Amino acid sequence: MGLPDVLDGLSIIRNHRNTNERLNAIKVMIETMNITIDKKISIYSDPMDDITNHLFRGWPERLYVLYDQKILFQGKPGPIGYSIPSLDYFLKRHVVVDN
């Protein structure tokens, strides 16, 4: 299954009308992307008032690195300022990975 197929599967609920629809969309994403506990991926959802989206400016999109309730990296607004290389550079310089 390619990325467009996955994204199409995630778009079954485009505008959540209530919390249950939003949580069901998250369940579909978890199943479709095969996200398991052993992958140690945290998934968060805004309440229906979208407060996190407003605080972190979900649009235009940005890349963030959060740790210990602090913003360590905040990318520039996309699509023009969206930069994976900048995030990669930050991570390589600031994150220590234990093997």
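Miscellaneous remarks
- Overall form of segment 57-99 per C-alpha gyration tensor (a/c, 1.5; a/b vs b/c): oblate
- Using the Cβ of Leu87 as centre and a radius below 14 Å, the other residues enclosed give a net charge of +2, where K and R count +1 and D and E count -1.
- Positive contributions from Lys and Arg (+1) and negative ones from Asp and Glu (-1), summed over other residues with Cβ under 13 Å from the Cβ of Phe73, come out at +4.
The numbers here are math on the coordinates, done by the rules we state, and not lab data. Quantities reported herein were computed from a predicted structural model and do not represent experimental measurements. Here Cβ is always computed from backbone atoms with ideal geometry, including for glycine, and neighbour counts include all displayed protein chains.
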